[in-house]
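In what follows, a structure is listed as structure tokens, so that the remarks can point back to it.
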Amino acid sequence: MMTVIELKSMKFHASHGVAPQERKVGNDFTVDLEYASGCIENAVRSDDIGDSISYADVYRTVNEEMSTPSKLLENLAGRILSALKLRFPQLAYIKIRVSKLHPPLGGEVHSASVTLEKFWQP
């Protein structure tokens, strides 16, 4: 069994983008995250937060990375993934989608997104 924890539609206003104006005024972003670890399987039976990875702590890590500007969504998603793995080395799986809402493309576009997915061997 693989137990996956999901944090959906975390919302941030941040200064990511290639154009100087994007970095100056910022934009709205959402982050969707899935993560899994063998230790989470124990929490299914134990009902003990010590047997899981706290999504409050995961959110804080994402929030910290969102506050550091990146030009590219690819870089931002990669930094978040790396920070999560560094802080929670027991993670076996992470899938992250970072979306810039209403990107300045000269037309009506809901969002531009980058998705990264990574598995680690136990």
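Only one of Ala83, Ala77 is at pLDDT 95 or above, out of contact with any helix residue (DSSP H, G or I) (no Cβ under 9 Å at 6 or more places or on another chain), open to solvent by less than 70 Å² (accessible area, probe 1.4 Å) and of a type outside the set (S, T, N, Q). Can you tell me which?
Numbers: Ala83 fails: out of contact with any helix residue (DSSP H, G or I) (no Cβ under 9 Å at 6 or more places or on another chain).
After ruling out the rest, the residue left standing is Ala77.
Can you name the residue in region 48-98 that is among the β-branched types (Val, Ile, Thr) and part of a strand (DSSP E or B) and is also nearest to Thr30 (Cα to Cα) among such residues? Walk me through it before giving the result.
Narrowing region 48-98 to residues among the β-branched types (Val, Ile, Thr): 49, 53, 58, 61-62, 68, 80, 94, 96, 98.
Subset that is part of a strand (DSSP E or B): 94, 96, 98.
Working: Ile94: 16, Ile96: 10, Val98: 6 Å.
This residue is Val98.
Restricting to region 86-103, name every residue that is loosely packed, with under 14 Cβ neighbours inside 10 Å and either among the aromatic types (Phe, Trp, Tyr) or over 24 Å from Glu41 (Cβ atoms) (or both).
His102
Among the listed residues Asp28, Asp32, identify the single one that is surrounded by 13 or more Cβ atoms within 10 Å (Cβ to Cβ), among the acidic types (Asp, Glu), within 19 Å of Lys8 (Cβ to Cβ) and under 14 Å from the mean Cα position of the chain (by Cα). Before you say what the answer is, go through the steps one by one.
On the way: Asp28 fails: under 14 Å from the mean Cα position of the chain (by Cα).
So the residue among Asp28, Asp32 that is surrounded by 13 or more Cβ atoms within 10 Å (Cβ to Cβ), among the acidic types (Asp, Glu), within 19 Å of Lys8 (Cβ to Cβ) and under 14 Å from the mean Cα position of the chain (by Cα) is Asp32.
Looking at (1) in a helix (DSSP H, G or I); (2) exposed (fewer than 15 other Cβ atoms within 10 Å of the Cβ); (3) at pLDDT 90 or above, find the lone condition where Val44 falls short.
The one condition Val44 does not meet is (3).
The values are calculated or read from the model by the stated rules, or taken from the named source; none is laboratory data. For clarity, every value in this text was computed on a predicted model and none was experimentally measured. Cβ coordinates were reconstructed from backbone atoms using ideal geometry, including for glycine residues, and neighbour counts include every protein chain displayed. Surface areas here come from the heavy atoms of the whole protein model, side chains and all, with no ligands, DNA or RNA. Shrake-Rupley method; radii C 1.70, N 1.55, O 1.52, S 1.80 Å.
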